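Note sheet for the following structure.
The values are calculated or read from the model by the stated rules, or taken from the named source; none is laboratory data. The structure presented is a predicted model; accordingly, all values stated were derived computationally and were not measured. Positions of Cβ are backbone-derived with ideal geometry, glycine not excepted, and every protein chain shown enters the neighbour counts. Areas reflect the complete protein model, heavy atoms only, side chains present, ligands, DNA and RNA absent. Shrake-Rupley method; radii C 1.70, N 1.55, O 1.52, S 1.80 Å.
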Amino acid sequence: MMTIRLQIIVVVLMILSFVFIINLVRKKQIELKYALMWLIVGGIVLVMDCVPKLMDVLAAQLGIASPVNMLFFLGFCFSLVIIFILTIVVSRLSVRIKNLAQEIALYEKDE
């Protein structure tokens, strides 16, 4: 069971994280589609922090022995999703770079 002090610390850290992420979007240092992913996760963390019994109920419904195990499982799943999305982005960028390099080579050959 989380103490109220720890819950307050988590809420403050999440609010600071939200401000930081929104500031990165505002400065165009991160794209909105990637920032939304982190903001959604932050929102879920806030809900779980404010309603700690929710994790107990979800763990019981899914047949997971301990809420802590469920937390690690959700973190693992989130990490896999992030890795998969970033792999797709890197693959697309790699193809675009190859195509651009080939176009530049053709332009230089014609000159």
Would you mind stating whether Leu39 is among the hydrophobic types (A, V, I, L, M, F, W, C), touching a helix residue (DSSP H, G or I) at 6+ places or on another chain (Cβ under 8 Å) and more than 24 Å from Ile8 (Cβ to Cβ)?
no
Among the residues of the stretch 87-101, is any more than 25 Å from Ile40 (Cα to Cα), open to solvent by 100 Å² or more (accessible area, probe 1.4 Å) and of a type in the set (A, V, I, L, M, F, W, C)?
yes
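Table: residues versus (1) among the small types (Gly, Ala, Ser); (2) farther than 18 Å from Leu86 by Cα; (3) open to solvent by 90 Å² or more (accessible area, probe 1.4 Å); (4) touching a residue at least 12 places away in the same chain (Cβ under 8 Å).
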| position | (1), (2), (3), (4) |
| --- | --- |
| Leu16 | no, yes, yes, no |
| Asn23 | no, yes, no, no |
| Ile30 | no, no, no, no |
| Leu36 | no, no, no, no |
| Gly43 | yes, yes, no, no |
| Val51 | no, yes, no, no |
| Ala60 | yes, yes, no, no |
| Phe73 | no, yes, yes, no |
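Restricting attention to the stretch 24-46, which residues are more than 16 Å from the chain's Cα centre (by Cα) and assigned to a helix (DSSP H, G or I)?
Restricting attention to the stretch 24-46, the residues satisfying the condition of being more than 16 Å from the chain's Cα centre (by Cα) are 26-28.
Result: Arg26, single match.
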